[in-house]
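Worksheet: the structure to be examined is printed underneath.
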């Protein structure tokens, strides 16, 4: 993987937190139609803190590395702080990406945000049903 940092290579060869959370509190899915990457993110939340993040991905080495790094950045964060996780945060955590692969970091950040939005939607629906 010429042109990639050691961190990108490490996350690609040894991806962290890959898998599924069967009883996920939120699930987000996003794809990049230009390159064919597809990411599904699962989150667990307890007392407004992201306690676990898992993912399934179909994509290139950079996409795998970005998803892996995203999980490490998100776990342990307050849900609102995790929502603010950006593409730049992922790129920085990986010590950079080649220009042509920067879209992979967007995939990771957007997938996490979609999972968090799903969590908020489920939480709101649950709260409303408890009021009735």
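The values are calculated or read from the model by the stated rules, or taken from the named source; none is laboratory data. Bear in mind that the values here come from a model prediction, so they are computed numbers and not experimental data. Here the Cβ is made from the backbone with ideal geometry for all residues, glycine too, and neighbour counts use every protein chain on show.
If a residue must be farther than 18 Å from residue 45 by Cβ and either surrounded by 14 or more Cβ atoms within 10 Å (Cβ to Cβ) or at pLDDT 95 or above (or both), how many such residues does segment 2-28 contain? So the answer is 14. Residues of segment 2-29 being closer than 13 Å to residue 95 by Cβ and assigned to a loop (DSSP other than H, G, I, E, B), which ones? Answer for segment 2-29, where residues must be closer than 13 Å to residue 95 by Cβ and assigned to a loop (DSSP other than H, G, I, E, B): 3, 4, 5.
Residues of segment 30-50 that are exposed (fewer than 14 other Cβ atoms within 10 Å of the Cβ) and either modelled with pLDDT under 95 or in a strand (DSSP E or B) (or both): 33, 34, 36, 46. All of 65, 74 fail the test of being at pLDDT 95 or above, more than 10 Å from the chain's Cα centre (by Cα) and farther than 18 Å from residue 34 by Cβ, apart from 65.
The set of residues from segment 60-89 being assigned to a helix (DSSP H, G or I) and within 13 Å of residue 16 (Cβ to Cβ) comprises 64, 65, 66, 67, 68, 69, 70, 71, 72, 73, 74.
Has segment 88-95 got any residue that is buried (at least 21 other Cβ atoms within 10 Å of the Cβ) and without any contact (Cβ under 8 Å) to a residue 60 or more places away in the chain? Yes.
Would you call residue 112 out of contact with any strand residue (DSSP E or B) (no Cβ under 9 Å at 6 or more places or on another chain) and either outside any helix (DSSP H, G or I) or surrounded by 15 or more Cβ atoms within 10 Å (Cβ to Cβ) (or both)?
Values: out of contact with any strand residue (DSSP E or B) (no Cβ under 9 Å at 6 or more places or on another chain): no; either outside any helix (DSSP H, G or I) or surrounded by 15 or more Cβ atoms within 10 Å (Cβ to Cβ) (or both): yes.
Against the criterion (out of contact with any strand residue (DSSP E or B) (no Cβ under 9 Å at 6 or more places or on another chain) and either outside any helix (DSSP H, G or I) or surrounded by 15 or more Cβ atoms within 10 Å (Cβ to Cβ) (or both)), residue 112 does not qualify.
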